[in-house]
Amino acid sequence: MKFISAIIIFSSLLFSCNIPAQKSKLERQESFKISKTDAEWKAQLSPLAYNVLRHEDTERAFSSELNNNHEAGTYVCAACGTPVFESNHKFDSGTGWPSFDREVKGNVSFSKDRKLGYSRTEEHCSSCGGHLGHVFNDGPRETTGKRHCINGAALNFIPKNGKSE
């Protein structure tokens, strides 16, 4: 009897952890200004960008060409083109991902991510809900102290001269 009770309690705890508050923004199906079906996103995006933006994956460190981009311009959401970061706020964090000390206000939204067993602040495009990365409190102290650690696959870069890459 104790064994059965233990299994019931364990099962209850196991399945109760899958509550809506812990699901991603995309899984909760919040509404965004730009909304497409999963098939439409999949057809529009590269496989890597699709997995990062729509399924909150993380690209391999040091794999994005944008990590070492030092041109002046604007970084936009690769899914919808919303400006999310400016080059003058980019810095070399040494982590292997494009890093910024601040976002374009109003174009990035934040939520809590507990997927690794501890709380992190996750960043999404405010227009389409695409996963961008995470923000940490270990950025440059002389500016904001924030490090927006962003997947390059979630971004497109538009140089200051206006020609998209």
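The values are calculated or read from the model by the stated rules, or taken from the named source; none is laboratory data. Everything quoted here is computed from the prediction, not taken from an experiment. FYI the Cβ positions are ideal-geometry reconstructions off the backbone, even for glycines, and counts take in every protein chain you see.
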Next on the checklist: Could you check the stretch 91-141 and list, in sequence order, the residues that are among the acidic types (Asp, Glu), closer than 16 Å to Gly152 by Cα and in contact (Cβ under 8 Å) with a residue 12 or more places away in the chain?
Outcome noted: Asp101, Glu103, Glu122, Glu123
Checklist entry - Pick from Gly129, Gly139: which is more than 24 Å from Pro47 (Cα to Cα) and either small (Gly, Ala, Ser) or in contact with a Ser or Thr (Cβ under 6 Å, 6 or more places away or on another chain) (or both)? => result Gly139
Checklist outcome for this item: When (1) within 28 Å of Ser35 (Cβ to Cβ); (2) not charged (D, E, K, R); (3) not in a strand (DSSP E or B) are applied to Gly145, the one that fails is (1)
Next on the checklist: Of all residues being over 18 Å from Glu71 (Cβ atoms) and outside any strand (DSSP E or B) in the stretch 94-109, which is farthest from the chain's Cα centre (by Cα)? Just the residue, please.
Outcome noted: Gly94
Checklist outcome for this item: Considering the stretch 30-89, residues that are assigned to a loop (DSSP other than H, G, I, E, B) and hydroxyl-bearing (Ser, Thr, Tyr), and then whichever is modelled with the lowest pLDDT, we arrive at Ser31
Next on the checklist: Which residue is surrounded by the fewest Cβ atoms within 10 Å (Cβ to Cβ), if the candidates are limited to the stretch 109-153 and must be among the hydroxyl-bearing types (Ser, Thr, Tyr) and farther than 24 Å from Ala49 by Cβ?
Outcome noted: Tyr118
Checklist entry - Give me the pairs: first residue in the stretch 42-67 and surrounded by fewer than 14 Cβ atoms within 10 Å (Cβ to Cβ), second residue part of a loop (DSSP other than H, G, I, E, B), beta-carbon distance under 6 Å, and six or more apart or on different chains, which are they? => result Ala61/Gly96; Phe62/Gly96
